[in-house]
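Some notes on the structure that comes next.
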Amino acid sequence: MSKSIQSIERAAAVLRLLARGPGRLGVVELAGALGLPKGTVHGILRTLTGVGFVEQDRGSGKYQLGAALLHLGTSFLDVNELRSRAINWADALASRSGEAVRIGTLLEGRALVVHHVFRPDDSLQTVEIGQLLPAHACALGKVLLAYDRAAATALGRDLERYTQRTLTTAAGLGPALAQVRERGWAADVEEMTVGVAGVAAAIRGHGGLVVGSIGISGAVDRLCDAGGTPRAGLVGQVQDAARAVSRELGHRW
Amino acid sequence: MPVTDYYVLAIDQGTTSTRCILFDHLGRLVSVAQREHHQHYPHPGWVEHDATEIWRNVRRLVPQALAQAGADAGQVAAIGIANQRETTVLWDRRTGVPVGRAVVWQDTRTDALIEELAADGGHDRFIDRCGLPLATYFAGPRIRWLLDATPGLRARAERGEVLFGTMETWLIWNLTGGPDGGTHVTDVTNASRTMLMDIATLEWSDELLDGIGVPRAVLPEIRSSAEVYGKASAVLPGVPIAAALGDQQAALFGQTCFAPGEAKCTYGTGSFLLLNTGPEIVRSSHGLLTTVGYKIGDDAPVYALEGAIAITGSLVQWFRDNLGLINSAAEIETLALSVADNGGVFIVPAFSGLFAPHWRSEARGIIVGLTSYVTKGHLARAVLEATGWQTREVVDAMNADSGIALTTLRVDGGMTADNLLMQFVADVLDVPVVRPMALETVSLGAAYAAGLAVGYWPDLEGLRRNWHRAGQWLPRMDPDLRAAEYESWQRAVERTFGWHRIGR
Ligand SMILES: Nc1ncnc2c1ncn2[C@@H]1O[C@H](COP(=O)(O)OP(=O)(O)O)[C@@H](O)[C@H]1O
């Protein structure tokens, strides 16, 4: 086994101490309790504050466990917050690609549309925020499943069919998700709706955690080349948008 | 280099933050750098910004925006500025140091002065000349207040040692050299918010200067909204500064509301509905402001009717910061969706009086309808609904003044990310609400105006083609419910009147 990482051990110790007390603790108290220099403890606290595991009281300057720790395992980024932070980049993607843009998160094995930008041709369209899409049959959902094995497993072995091309078995979906992880993007070509294709990529938050997906969808002949492969230019635009939103959310590469 | 290698830089100097945004030739956002500045609340009703901090932020943000786009200064065709309006700063011409902090548009310290000025001729005393009623909102009386409150300042001002500006003036002066020959100018839209400019001639008016008590020597030169004011010497040396507009006028321009009858509402800290009235100066009899929409170079000015709402997004901020019930503004929607309706609660955020269409500076905020049933979810609903109902009041006034009913509302600003709110606005107005693909219309408008001035974009028609619908909400509220809720809202509003006693 490789050597354990000291700063993570220390961070864990800081969290344990904070979890123990009823009250808040200051840097000096924490440093004293752990026998560490104040500067070191301060650095750890700053990092933990940054990810929301620790909160500093404005009045006293002392620290306590943060709200994010209490919600570990449940949704870690509010979906309306995600829309607020992504909206500029979703607009830019729609305007560059000429296609409709959606942002999705997983909700009980389905892809929840948390943001939707119309295709910029001023045709009649309706806002689809709140819709649930079959995760295995759309690019948006495949990205989410690719980075959430538990959710992918929970779908079971037989998946609902929407078109001739829907992946209807776990055995078929598995390699497709592996390919998503490998390439960094997902596609669906007429897997949910005949004549429609989609491309999506992952939105990552602090520490690289996937918190959502962003993608375009539209007519197959616009999104794909004659061989049915998504056009590289569009894939690049989707990936750029995903990176821009991730940067906005504090992800560093 | 082909035109596609060039960008236009917009500086949006807003109430809570400053943003620098690069746009490309299709009006698409290429990069954004943003930084909040401190809000100072030294007394109840007072709101101040540090103009030096804001200028420092601009100096930092411009290079960040360029770096994000991988662009260099040589690729910036022009700079356009949009700014929070009416926020007033005075500074020393020789040193460039502000005389105290900038007094922000929400600040009500001039309330006693306003009553004093209104004692002789009423609140509408100057409305024919400048289009505005006497209210704490506007810049001119703030200058008078600062000159009165600071010993010796009036004498220095009269000697020409002190300069006045709203934020665009302050930034242009600093960008063009500051104490070393900085250009001291404002644009017609910002000048139209001072109460000192004649709305018909677009010049400073002696009648207004005398009436309000401001020496001409402090004032900048009034220019059009799109023309080259000078070249930057700091930050982006050599790049022309080619546009300035008040943020709301910039949004009107960015939404390409170029034809009379077109209107937009920008939902930010406050919210502002502007209706293009073309070359015609329309006088309101329902509490709207007559203002300049924009003026491109030597073209005739385009006027607008404005419904200004002081508190919308800042009510959400208050809910977050002062009540601590949510961690981020966007979470208001999550909390509001945890319940089905407002539970009978209405919040009227008359934090510093009410603006359009009431103009009651003595009104103060209330929460009514509290019962033991009410939860924080209901309060969150009431917070969002306050923005919807305030919009409804302004739209009603606008329809009455212009004689034509609004058929769609174009929206933009940070709050339009709130899906529940946008649906509610459509519901209470009973017209479709449309969001354009560029949410940052304030910045886009400043960029468009600057780009027009330097020939980066040829004409208004070209800009119009860049406008696309990104989202649309259709009304679906039951008409009886709408009527009943509106009636409750109006009763709540009445209860805010007459609360604050001026001078106590
Ligand atoms: N999702 C949201 N729901 C409700 N209000 C929001 C949301 N996102 C931002 N806001 C509010 O919008 C305002 C910020 O919008 P912005 O256009 O940036 O304002 P400004 O330019 O006036 O500073 C803040 O007051 C914030 O509380």
Toy charge model, Lys and Arg Cβ at +1, Asp and Glu Cβ at -1: the protein assembly as shown dipole around Cα centroid in debye, rounded to 20, equals 2740 debye
Probe 1.4 Å, all chains present, heavy atoms only: residue A:40 accessible area in Å², nearest 10, is 50 Å²
Counting other chain Cβ atoms within 10 Å of each Cβ in B:472-479 and taking the mean gives 1
Probe 1.4 Å, all chains present, heavy atoms only: residue B:359 accessible area in Å², nearest 10, is 60 Å²
For segment B:274-358 the GluC sites (Glu not before Pro) that pass both the DSSP coil test and the at-most-14 other-Cβ-within-10 Å test are B:280
Any helix of chain B counts here only if DSSP assigns it H throughout, its Cα atoms span 24 Å or more along the axis, and its mean Kyte-Doolittle hydropathy is at least -1.0, and such helices are B:51-69, B:376-402
The computed P(r) of segment A:111-196 puts the percent of Cα pairs beyond 18 Å at 46 percent
Among A:93, A:112, A:31, the residue whose Cα sits farthest towards the positive end of the charge dipole of segment A:1-113, when +1 is placed on the Cβ of each Lys and Arg and -1 on the Cβ of each Asp and Glu, is A:31
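Give me the percent relative contact order of chain B, please, defined on Cα pairs under 8 angstrom at least 6 residues apart.
15 percent
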Computed about the Cα centre, the charge dipole of segment A:73-248 from +1 Lys/Arg and -1 Asp/Glu charges at the Cβ has a magnitude in debye, to the nearest 20, of 400 debye
For segment B:196-289 (alpha-carbon point model, no solvent) the Debye-based log₁₀ I(q)/I(0) at q = 0.13, 0.19 Å⁻¹ works out to -0.67, -1.17
Two pseudo-spin positions, 7 Å from Cα along C-beta at residue A:19 and at residue B:366, lie apart in nanometres by 4.9 nm
Sorted largest first, the C-alpha extents of the protein assembly as shown along its principal axes in whole angstrom are 83, 66, 60
The simple spin-label model distance between residue B:338 and residue A:58, using points 7 Å out along Cα→Cβ, in nm, is 2.0 nm
Where a ≥ b ≥ c are root eigenvalues of the Cα gyration tensor, a/c under 1.5 meaning rounded, otherwise prolate if a/b exceeds b/c and oblate otherwise, segment A:6-65 counts as rounded
With T = 4 °C, eta = 1.567 mPa s and Kirkwood Rh from C-alpha pairs, the Stokes-Einstein D of chain A in µm²/s is about 65 µm²/s
Once B:253, B:497 are ranked on solvent-accessible area with the largest value leading and a 1.4 Å probe, the list reads B:497, B:253
Among B:146, A:154, A:77, the residue whose Cα sits farthest towards the positive end of the charge dipole of the protein assembly as shown, when +1 is placed on the Cβ of each Lys and Arg and -1 on the Cβ of each Asp and Glu, is A:154
For B:295, B:376, B:264, the accessible-area ranking with a 1.4 Å probe, largest leading, is B:376, B:295, B:264
Quick calc, residue B:155 & residue A:38: beta-carbon distance into FRET formula, R0 60 Å, rounding 0.05, result 0.70
Rounded to whole Å², per residue accessible area for segment A:6-65 with a 1.4 Å probe reads 60 Å²
Magnitude of the Cβ-charge dipole (Lys and Arg +1, Asp and Glu -1) of segment A:6-65 about the Cα centre, nearest 20 debye, reported as 60 debye
Taking the convex hull of the alpha-carbon atoms of segment B:125-261 and averaging its shadow over every direction gives an area in square nanometres of 9.4 nm²
Residue-normalised value, i.e. accessible area per residue, for segment B:172-249 at 1.4 Å probe, in Å², stands at 28 Å²
So, relative contact order of segment A:6-65 in percent, Cα under 8 Å, 6 or more apart, is 38 percent
With x for Gly and Pro, the residue-by-residue ³J(HN,Hα) of segment A:49-56, computed from phi through the Karplus equation 6.51 cos²θ - 1.76 cosθ + 1.60 at θ = phi - 60° and given in whole Hz, is 5, x, 8, x, 7, 10, 10, 9
In terms of the alpha carbon gyration tensor, root eigenvalues a ≥ b ≥ c, rounded if a/c is under 1.5 and otherwise prolate when a/b exceeds b/c or oblate, segment B:402-498 is prolate
Nearest-0.05 FRET efficiency for residue B:112 and residue B:464 at R0 = 60 Å, using Cβ-Cβ distance, is 0.80
Plugging the Cβ-Cβ distance of residue A:121 and residue A:150 into 1/(1 + (r/R0)^6) at R0 = 35 Å yields, to the nearest 0.05, a FRET efficiency of 0.35
quick shape note, chain B: Cα extents on principal axes in Å, largest first -> 63, 55, 43
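Considering Cα pairs under 8 angstrom that are at least six residues apart, work out the relative contact order of chain A and quote it in whole percent.
14 percent
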In segment A:93-126, the residues losing 40 Å² or more of accessible area (1.4 Å probe, heavy atoms of protein chains only) relative to their chain alone are A:95, A:96, A:118, A:120, A:122
On complex formation of A with B, accessible surface lost, both sides summed, probe 1.4 Å, nearest 100 Å², amounts to 2300 Å²
Compactness check, segment A:1-126: C-alpha Rg relative to the 2.2 N^0.38 Å globular estimate gives 1.54
Of segment B:276-314, those with amide N under 13 Å from the point 7 Å along the Cα→Cβ vector of residue B:200 are B:281-283
Only helices counted: for chain B, with every DSSP H run of 4 or more residues adding -39500 (n - 2.57) and the sum spread over all residues, [θ] at 222 nm is -9500 deg cm²/dmol
So the carbon and sulfur contribution to the accessible area of chain B, 1.4 Å probe, in percent, is 50 percent
Taking a ≥ b ≥ c as the square roots of the eigenvalues of the Cα gyration tensor, with a/c under 1.5 meaning rounded and otherwise prolate when a/b exceeds b/c and oblate if not, segment A:164-242 is oblate
Quick tally, 1.4 Å probe accessible area for B:468, A:206, sorted with the most first, runs A:206, B:468
Rounded to the nearest 10 Å², the accessible area of residue A:142 using a 1.4 Å probe with every protein chain kept is 10 Å²
Of the residues A:5, B:20, B:380, the Cα lying farthest along the dipole of the protein assembly as shown towards its positive end, which is defined by charges on the beta carbon of Lys, Arg, Asp and Glu, belongs to A:5
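The values are calculated or read from the model by the stated rules, or taken from the named source; none is laboratory data. Everything numeric here is computed off the predicted structure, so don't read it as measured data. In this analysis, Cβ positions are derived from the backbone assuming ideal geometry, glycine residues included, and neighbour counts consider all displayed protein chains. Each accessible area value is taken on the protein alone, full model and side chains, heavy atoms only, with ligands, DNA and RNA left out. Shrake-Rupley method; radii C 1.70, N 1.55, O 1.52, S 1.80 Å.
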